[in-house]
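J.: Structure in structure tokens, see below.
The values are calculated or read from the model by the stated rules, or taken from the named source; none is laboratory data. This one's a predicted model, so the numbers in the text were calculated from it and none came from an experiment. Glycine also receives a Cβ, built like all others from the backbone with ideal geometry; neighbour counts cover every protein chain displayed.
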Amino acid sequence: MIKKYPLISFVIFSYGITWLSIVPLLATGIKEMEILLTIGLFGPALSAYIVTRVSNPAEQKESRNRKFWFYFFVIWIMGTLVWSLDTNIRSQVPISTALAIFWIPSLLLAWMCANAWNRRPSIKIFFRDLVFPKGSWWIFVFCILYFPVSHYLFTFISGNETNLWPKDQTGISYLALWLLVSVKIFFFTGGVNEETGWRGFLLKGVLEKFNPLTATLIVWVIWAVWHFPMELGPTSDMTIYAVGEKWLWMLPPTALLTWAFARTGGSILVCVLLHMSMNVTSEFIPITFEAKMFTIVVAIILFIELKFSMKENT
């Protein structure tokens, strides 16, 4: 079934891994159960690996060389430190406790990224698009800067600029904290863990069957619904109305992600950077209605640009 229906299998695995990881938290309400969710958040990335692996059984036996293990340990250590520091600074969790927890999801992160040096061809090719940039440099710059710059400008115009550059309570500068949170999101909460699957696998497969607009709508629905248990769990204060509103406003960023992926010839890395930029901006800068409407306009313009660029390449 997996080889015959890879996209359906991917969606089932993604929902299953992530949703099952949150069941203990929903059932008990014990906050410590969130450790399972930190693993479940890698559902899309894990699913992409599983389906890619199973769909190519005739390849040489999987093996890992020195480069694989070198980057595995480097990324594992880096990921553990980043998430532990973020939790220590923003949630006042003792650094020893954070380290004891976050080394576990960091193993998944390291394994995913290090697969760019896997000797199995299908796995290596897939994950190299996550680690190595491809496409025009200006698209990467745009994806990193679009959300913070546009949201900052609209917040400034609206007269709320006094909320833009506070100092955090720990004494670390605002920009340093922004960088730390960006790296955490890049690795764990919207970056590698999600985009490896949603855009790297699902969007790529859907684009082979449908035009970019239809593909965007399909991925948008699947991506939005995947968040459902996390948005209505015991640690969330969102209402059904708020969830629906959030899902609706996820459509313009989904369109931007489709544009970035297609415009770079399938770069997962550029989608990770755009998703990271969107998430970190929402944590630091107030999101105005005008900024949301502006993103809709930008998404429409970029889709028109994508259509013309696709015609030129045919």
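J.: What's the total number of residues in the stretch 141-175 that are of a type outside the set (Val, Ile, Thr) and modelled with pLDDT of 85 or more?
T.: Count: 11.
J.: Within the stretch 7-15, can one find any residue that is surrounded by fewer than 19 Cβ atoms within 10 Å (Cβ to Cβ), without any contact (Cβ under 8 Å) to a residue 40 or more places away in the chain and within 23 Å of residue 124 (Cα to Cα)?
T.: Yes: the stretch 7-15 contains one or more residues that are surrounded by fewer than 19 Cβ atoms within 10 Å (Cβ to Cβ), without any contact (Cβ under 8 Å) to a residue 40 or more places away in the chain and within 23 Å of residue 124 (Cα to Cα).
J.: Additional query: For the stretch 171-190, give me each residue that is in contact (Cβ under 8 Å) with a residue 60 or more places away in the chain, assigned to a loop (DSSP other than H, G, I, E, B) and farther than 25 Å from residue 15 by Cα.
T.: Once the filter is applied, which keeps residues that are in contact (Cβ under 8 Å) with a residue 60 or more places away in the chain, assigned to a loop (DSSP other than H, G, I, E, B) and farther than 25 Å from residue 15 by Cα, the stretch 171-190 yields only 172.
J.: Can you tell me which of (1) without any contact (Cβ under 8 Å) to a residue 12 or more places away in the chain; (2) in contact with a helix residue (DSSP H, G or I) (Cβ under 9 Å, 6 or more places away or on another chain) is the one residue 260 doesn't meet?
T.: Failed condition: (1).
J.: Shifting gears a bit: Taking the criterion of being in a loop (DSSP other than H, G, I, E, B) and either out of contact with any helix residue (DSSP H, G or I) (no Cβ under 8 Å at 6 or more places or on another chain) or touching a residue at least 24 places away in the same chain (Cβ under 8 Å) (or both), would at least one residue in the stretch 137-158 satisfy it?
T.: Taking every residue of the stretch 137-158 in turn, at least one turns out to be in a loop (DSSP other than H, G, I, E, B) and either out of contact with any helix residue (DSSP H, G or I) (no Cβ under 8 Å at 6 or more places or on another chain) or touching a residue at least 24 places away in the same chain (Cβ under 8 Å) (or both).
J.: Can you confirm whether residue 205 is at pLDDT 95 or above and surrounded by fewer than 21 Cβ atoms within 10 Å (Cβ to Cβ)?
T.: Judged against the criteria, residue 205 is a match.
J.: I need the full set of residues from the stretch 216-257 which are without any contact (Cβ under 8 Å) to a residue 40 or more places away in the chain, crowded, with 19+ Cβ neighbours inside 10 Å and of a type in the set (Ser, Thr, Tyr), in order please.
T.: Result: 254, single match.
J.: Restrict the check to the stretch 261-268 and report whether at least one residue is under 30 Å from residue 20 (Cβ atoms), modelled with pLDDT of 95 or more and assigned to a helix (DSSP H, G or I).
T.: Looking through the stretch 261-268, at least one residue is under 30 Å from residue 20 (Cβ atoms), modelled with pLDDT of 95 or more and assigned to a helix (DSSP H, G or I).
J.: Taking the stretch 1-49 as the search range and keeping residues that are of a type in the set (A, V, I, L, M, F, W, C) and part of a loop (DSSP other than H, G, I, E, B), which one is modelled with the highest pLDDT?
T.: 42
J.: Could you check, for the stretch 284-304, whether at least one of its residues is assigned to a loop (DSSP other than H, G, I, E, B) and over 19 Å from residue 155 (Cα atoms)?
T.: The answer is no, given that none of the residues of the stretch 284-304 is assigned to a loop (DSSP other than H, G, I, E, B) and over 19 Å from residue 155 (Cα atoms).
J.: Have a look at 211, 193 and point out the one that is in contact (Cβ under 8 Å) with a residue 12 or more places away in the chain and out of contact with any Ser or Thr (no Cβ under 8 Å at 6 or more places or on another chain).
T.: Matching residue, one of 211, 193: 193.
J.: Being among the charged types (D, E, K, R) and under 23 Å from the mean Cα position of the chain (by Cα) is the filter; apply it to the stretch 269-314 and report the residue that is modelled with the lowest pLDDT.
T.: Applying the filter and picking the extreme gives 283.
J.: Right, residue 52: touching a residue at least 60 places away in the same chain (Cβ under 8 Å) and touching a Phe, Trp or Tyr at 6+ places or on another chain (Cβ under 6 Å) or not?
T.: It is true that residue 52 is touching a residue at least 60 places away in the same chain (Cβ under 8 Å) and touching a Phe, Trp or Tyr at 6+ places or on another chain (Cβ under 6 Å).
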